Amino acid sequence: MLSFKPKAGMVRADLYYIETVKAPQAVLVLAPGCNGNGKILVEHPTWQEFAKKMNIGLVGLSFASNLQDLHNGKGYYYASNGSGDILLAGINKLYKRDIPLLLYGFSGGAHFISRFVDWAPKRVIAWCAYSAMWWDNPTQSNIYPPGIIACGESDSRLGASLIYFKQGRAIGKPWLWICIPNNAHSANKKVEAFVRDYFEIIIADVGNADFSNSGIWVDIDTGRIAETYIKQLQPSITAWMPDPRLLEAWRSLNGYK
């Protein structure tokens, strides 16, 4: 474990890590729910097996803030306030270089992950933010790391999450939408399995930033490959995935008929 002095608005700033391989090509950061402990995530055999298979490191976030600071924009959810610097300092201390990152966060973790990607897109290969209660408006930049926005169909966070996804797609971000039927605000093993498959394909294609000529675009209303006119006229209902091999798994996860 690495412990850091908490920044303003934080009461805990720890990172847990597992040495999965000797010379990782990237690091997967797992971010748990509100004020949670990432130690549980990095100790899970499934994530460890994936990290070894993909030659990546494994780090669990263990940040905490008072609840009022999480809601008023001063807590660790807001990477630009200092929590992002702590994560990067820890990563650089562990791996001795500016190693690229994969990011997965649920609930409170999704809050942090989505804002970290917006704050430091150059460090991110790919990411998934699963079910945040509120989101900042996505910003335009020259670097758009591919990402997944996910939420349960019965989760009160669904509306905010879908709006965020559509806002990002409207400005051209290569994002994928997942809405899990009959799922409220709880982690989902099928989502995690899909995210691992998504990350695996992305890792194999690191360096390809021209998303317009790779992967496929899908229509989130129908679950089918998007027609050209939909991509051009209605980008907010289209989504990008890195490989057509993911299509049927994505359709099944979303419950398309």
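The values are calculated or read from the model by the stated rules, or taken from the named source; none is laboratory data. Just so it is clear, the model here is predicted, and its values are computed rather than measured. Heads up, the Cβs are rebuilt from the backbone with ideal geometry, glycines too, and the neighbour counts pull from every protein chain shown.
Cβ-Cβ below 6 Å, separation at least six or inter-chain, first residue in the range 145-166 and surrounded by fewer than 23 Cβ atoms within 10 Å (Cβ to Cβ), second hydroxyl-bearing (Ser, Thr, Tyr): which pairs?
That search, which allows pairs on different chains as well, returns Asp155/Ser131; Arg157/Ser131; Lys166/Ser236.
Would it be correct to say that Ile91 is closer than 21 Å to Trp175 by Cα, within 19 Å of the chain's Cα centre (by Cα) and part of a helix (DSSP H, G or I)? Lay out the reasoning, then the answer.
On the way: closer than 21 Å to Trp175 by Cα: no; within 19 Å of the chain's Cα centre (by Cα): yes; part of a helix (DSSP H, G or I): yes.
It is false that Ile91 is closer than 21 Å to Trp175 by Cα, within 19 Å of the chain's Cα centre (by Cα) and part of a helix (DSSP H, G or I).
Could we say that Leu94 is in contact with a strand residue (DSSP E or B) (Cβ under 7 Å, 6 or more places away or on another chain), modelled with pLDDT of 95 or more, surrounded by fewer than 19 Cβ atoms within 10 Å (Cβ to Cβ) and not hydroxyl-bearing (Ser, Thr, Tyr) here? Don't jump to the end; show me each part of the working.
Details: in contact with a strand residue (DSSP E or B) (Cβ under 7 Å, 6 or more places away or on another chain): yes; modelled with pLDDT of 95 or more: yes; surrounded by fewer than 19 Cβ atoms within 10 Å (Cβ to Cβ): yes; not hydroxyl-bearing (Ser, Thr, Tyr): yes.
Judged against the criteria, Leu94 is a match.
Exactly one condition in (1) over 25 Å from Ala110 (Cβ atoms); (2) modelled with pLDDT under 95 is false for Glu248; which is it?
In the conditions (1) over 25 Å from Ala110 (Cβ atoms); (2) modelled with pLDDT under 95, Glu248 misses (2) alone.
Name the one entry in Gly36, Gly73 that is on the phi > 0 side of the Ramachandran plot, modelled with pLDDT of 95 or more and surrounded by fewer than 23 Cβ atoms within 10 Å (Cβ to Cβ).
Numbers: Gly36 fails: on the phi > 0 side of the Ramachandran plot.
Just one listed residue meets the conditions, Gly73.
Run Ala120 past the list (1) within 21 Å of Ile18 (Cα to Cα); (2) surrounded by fewer than 24 Cβ atoms within 10 Å (Cβ to Cβ); (3) of a type in the set (A, V, I, L, M, F, W, C) and report the number of the one that doesn't hold.
That leaves (1) as the condition not met.
Quick check on the range 221-257: of everything there that is assigned to a loop (DSSP other than H, G, I, E, B) and under 19 Å from the mean Cα position of the chain (by Cα), which residue is surrounded by the fewest Cβ atoms within 10 Å (Cβ to Cβ)? Give the derivation first.
Keep residues of the range 221-257 that are assigned to a loop (DSSP other than H, G, I, E, B), which gives 221-224, 226-227, 234, 242-243, 255-257.
Now narrow it down to the ones that are under 19 Å from the mean Cα position of the chain (by Cα): 242-243.
Details: Pro242: 24, Asp243: 16.
Per the stated criteria, the residue is Asp243.
Could you list, in sequence order, the residues of the range 101-135 that are of a type outside the set (A, V, I, L, M, F, W, C), out of contact with any Asp or Glu (no Cβ under 7 Å at 6 or more places or on another chain) and assigned to a loop (DSSP other than H, G, I, E, B)?
Within the range 101-135, Ser107 is the sole residue that qualifies.
Six or more apart or on different chains, Cβ atoms under 6 Å: show the pairs whose first residue is in the range 204-230 and under 30 Å from Asn55 (Cα atoms) and whose second is charged (D, E, K, R) and modelled with pLDDT under 80.
Trp217/Lys231
Thr139 versus (1) within 23 Å of Pro181 (Cβ to Cβ); (2) β-branched (Val, Ile, Thr); (3) out of contact with any strand residue (DSSP E or B) (no Cβ under 9 Å at 6 or more places or on another chain): which is the lone unmet condition?
(1)
Being among the hydrophobic types (A, V, I, L, M, F, W, C) and assigned to a loop (DSSP other than H, G, I, E, B) is the filter here; which residues of the range 136-187 pass it? Let's see the steps before the verdict.
Within the range 136-187, the subset among the hydrophobic types (A, V, I, L, M, F, W, C) is 143, 148-151, 158, 160, 162-163, 165, 170-171, 175-180, 184, 187.
Those that are among the hydrophobic types (A, V, I, L, M, F, W, C) and assigned to a loop (DSSP other than H, G, I, E, B): Ile143, Ile171, Ala184, Ala187.
Would you confirm, using the coordinates I've provided, whether Ile125 is surrounded by fewer than 20 Cβ atoms within 10 Å (Cβ to Cβ), in contact (Cβ under 8 Å) with a residue 60 or more places away in the chain and of a type outside the set (Lys, Arg)? Let's see the steps before the verdict.
On the way: surrounded by fewer than 20 Cβ atoms within 10 Å (Cβ to Cβ): no; in contact (Cβ under 8 Å) with a residue 60 or more places away in the chain: yes; of a type outside the set (Lys, Arg): yes.
Considered against the rule, which asks whether it is surrounded by fewer than 20 Cβ atoms within 10 Å (Cβ to Cβ), in contact (Cβ under 8 Å) with a residue 60 or more places away in the chain and of a type outside the set (Lys, Arg), Ile125 comes out as no.
Here are some residues: Ala13, Ala51. Which one is in contact with a strand residue (DSSP E or B) (Cβ under 8 Å, 6 or more places away or on another chain), over 23 Å from Ile148 (Cβ atoms), buried (at least 17 other Cβ atoms within 10 Å of the Cβ) and in contact (Cβ under 8 Å) with a residue 12 or more places away in the chain?
Ala13
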